[in-house]
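These notes are about the structure you will find just below.
What follows draws every value from the coordinates through simple rules; no lab data is involved. Here the structure is a predicted model, which is why all the values come from computation and not from measurement. Backbone-built Cβ (ideal geometry, glycine too); neighbour counts: all protein chains shown.
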């Protein structure tokens, strides 16, 4: 009997070890009807997405103002899209009818038309409740093009210098992260035009003077597309102000605006700065006697009508003329 009990205990120990080393099968597959179902298992990714303008896409007050509260229904398709994988690669998406307040949510990018979710991970655990399956196009520019080529950003990327374009959008916009437990994944905050550091890494500004006078140059050194790109509501402005003889500063004077205008702005042309390009601009005077000192700044606006005080100042440089 003693030997028998010892054997049972040994078997129990082996069984416990097996349970530790080989976890039980995942729960039954989920029928995914809302991105909120993803939050419990992917809390870290959800937290990143909550910081993004994908999450904010439908509720963004600037978007609502510029689209006349979505009376311009063309905007709905990309601000509350149906699952991109239900369309051909690069094909424009259509707007969904439900849960538009979630903006560009988990299911917008990951929901698979045959069930479960698409992932770029070729070793995805297929028996997980959300039934992930490898989809090669998930990491291609065509996946992003469904929304982000409406204003030709992907076409701009295709024309960019090889050293700036990388392998695709996610190289710059979804850097790799190591999360809890040592798991590696892509950051879902999509820091770009709303992140100061990302904007500053896109362009380099310099001031100088030569026989032709004072000037400023702007070079697109870090963006694999035009600066600024995507939304026509975005604009970047070069401005200069001069110091007067009494030490006071004059008003800021516009040098140049970088922007792709709306279709109805027929009197304007596309003045974006292409990837890898450099432009030089002379510094205009302000009509008042200057002391020889100037400041040049680059402002970034998510709305072309945004007051200077609300714009992001990317650079401010001084010049003694």
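Applying 0.36 nm per residue to the separation of residue 280 and residue 65 and subtracting their alpha-carbon distance, the gain on full extension is 74.0 nm.
For residue 41 and residue 201, FRET efficiency with R0 = 35 Å and r from the beta-carbon atoms, rounded to 0.05? The partial results should precede the final answer.
On the way: r = 33 Å, r/R0 = 0.94.
The value I calculate is 0.60.
For the chain, the longest principal axis of the alpha carbon atoms and the long axis of helix 2-21 meet at an angle near 20°.
Considering all different alpha carbon pairs of the range 45-155, the Kirkwood hydrodynamic radius works out to 14.6 Å. Once every Cα of the range 202-245 carries one equal point scatterer and solvent is ignored, give the base-10 log of I(q)/I(0) from the Debye formula at q = 0.22 Å⁻¹, two decimals. Result of the Debye calculation: -0.89. Compactness check for the range 196-320: Cα Rg over 2.2 N^0.38 Å is 1.08.
Three principal axis extents describe the C-alpha atoms of the chain; from largest down they are 108, 46, 34 Å. The mean of 1/r over all pairs of different alpha-carbon atoms in the range 48-105, once inverted, gives a Kirkwood hydrodynamic radius of 11.6 Å. Take every pair of alpha-carbon atoms less than 8 Å apart whose residues are at least six positions apart; their mean separation over the length of the chain yields a relative contact order of 13 percent.
Find the percent of Cα-Cα distances in the range 216-286 that exceed 19 Å, and round it to a whole number. Pairs farther apart than 19 Å: 45 percent.
Length gained on full extension, residue 33 to residue 217, computed as 0.36 nm times the residue gap minus the Cα-Cα distance: 61.2 nm. Taken along the Cα-to-beta-carbon direction at a fixed 7 Å, the label points for residue 92 and residue 270 span 1.6 nm. As a calculated quantity, the FRET efficiency between residue 254 and residue 184 at R0 = 56 Å, using C-beta atoms, amounts to about 0.75.
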